[in-house]
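*Asks:* Okay, here's the structure, questions in a sec.
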Amino acid sequence: MHARADAVDTGRSWPDDIFTTLQRFDVRQVPYVPDAGHSKLIQCVLGSSTMRGIPLTTEEEGVALLAGAWTGGQRGVLLMQSSGVGNCINMLSLIPILRFPFLTLVTMRGEWGEFNPWQVPMGSTTQGVFELSGIKVLRASNAAEVPAVLDAAAAQAYNALTPTAVLLSQRLIGAKVFTK
């Protein structure tokens, strides 16, 4: 599978904008499940001297890791794909009770030009799962929106202790296509 590039490369990309915002908000821990949509951001994190990228075996581990990071005095952000949100439902219910800053960036599947029918059910319910769990949802559908959306989400999560998810639309990341 490869991501189809729907946009022209202009040098600086939306993952660079996300990385810059995370640096500005002093994010230190970045748990992630490997994902093509987050690959450039993950590479930026792994190359950073101030952030620690932490690969996970499953997404719900990231929720617990962010709670522990906060207890230890550090901010974090969880990177995952929409298909992993369903794995987190029990853990998401703890966030409002524990009142720690929670920010997650979710690359969406199951929408714009999706080829895989298995991605559609969770992709179409991701926002609802977050909202039912008490997590505010913001969405970026094009690269120009990313800096403002991420800045607003980080401010909500870290300053107002409002659990926030940013959905990075499949149109933004590029629809995947099956190739041999």
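The values are calculated or read from the model by the stated rules, or taken from the named source; none is laboratory data. A quick note: this is a predicted structure, and the numbers were derived from the prediction, not measured. All Cβ positions, glycine included, derive from the backbone under ideal geometry; neighbour counts span all protein chains shown. Note: areas computed on protein heavy atoms with side chains; ligands, DNA, RNA excluded. Shrake-Rupley method; radii C 1.70, N 1.55, O 1.52, S 1.80 Å.
*Asks:* Before anything else, pin down the relative contact order of the chain: Cα pairs under 8 Å, at least 6 apart, normalised by residue count, whole percent.
*Replies:* With pairs under 8 Å counted, the relative contact order is 27 percent.
*Asks:* Oh, and also: With a 1.4 Å probe and every protein chain left in place, work out the accessible area per residue of the chain in Å², rounded to a whole number.
*Replies:* With the other protein chains kept in place, the chain gives 48 Å² per residue.
*Asks:* I'd like the Karplus ³J(HN,Hα) series for region 93-103: coefficients 6.51, -1.76, 1.60, θ = phi - 60°, whole numbers in Hz, and an x wherever there's a Gly or Pro.
*Replies:* Per residue, the Karplus-derived 3J(HN,Hα) values read 5, 7, 4, x, 6, 7, 6, 10, x, 10, 9 Hz.
*Asks:* About the Cα centre of the chain, what is the dipole size in debye to 20, counting +1 per Lys and Arg Cβ and -1 per Asp and Glu Cβ, all else neutral?
*Replies:* That gives the chain a dipole magnitude of about 140 debye.
*Asks:* Report the charge-dipole magnitude of region 72-163 in Debye, nearest 20, computed about the Cα centre from +1 at each Lys and Arg Cβ and -1 at each Asp and Glu Cβ.
*Replies:* It comes to approximately 260 debye.
*Asks:* Given the options A157, A175, G128, identify the residue whose Cα lies farthest towards the positive end of the charge dipole of the chain (+1 on Cβ of Lys, Arg; -1 on Cβ of Asp, Glu).
*Replies:* Farthest towards the positive pole: A157.
*Asks:* With labels modelled as points extended 7 Å from the Cα through the Cβ direction, what inter-label distance (nm, one decimal) is found for V120 paired with S169?
*Replies:* 1.9 nm
*Asks:* Using only the Cα atoms, what convex hull volume per residue in Å³ does the chain have?
*Replies:* 110 Å³
*Asks:* So for C44, C88, what's the accessible-area order with a 1.4 Å probe, most first?
*Replies:* Numbers: C44 35, C88 0 Å².
In descending accessible area the options line up as C44, C88.
*Asks:* If each residue of separation counts as 0.36 nm, what is the full-extension length gain between A144 and N90 once their alpha-carbon separation is subtracted?
*Replies:* Contour length minus Cα-Cα distance gives 16.1 nm.
*Asks:* To continue, here is another question. Just need the relative contact order of region 98-141 here, percent rounded to a whole number, with Cα pairs under 8 Å and 6+ apart.
*Replies:* On the way: 21 pairs, mean separation 10.0, N = 44.
That works out to 23 percent.
*Asks:* Follow-up question, since we're still on this one. Rule-of-thumb check for region 84-180: C-alpha Rg over 2.2 N^0.38 Å?
*Replies:* That works out to 1.12 for region 84-180.
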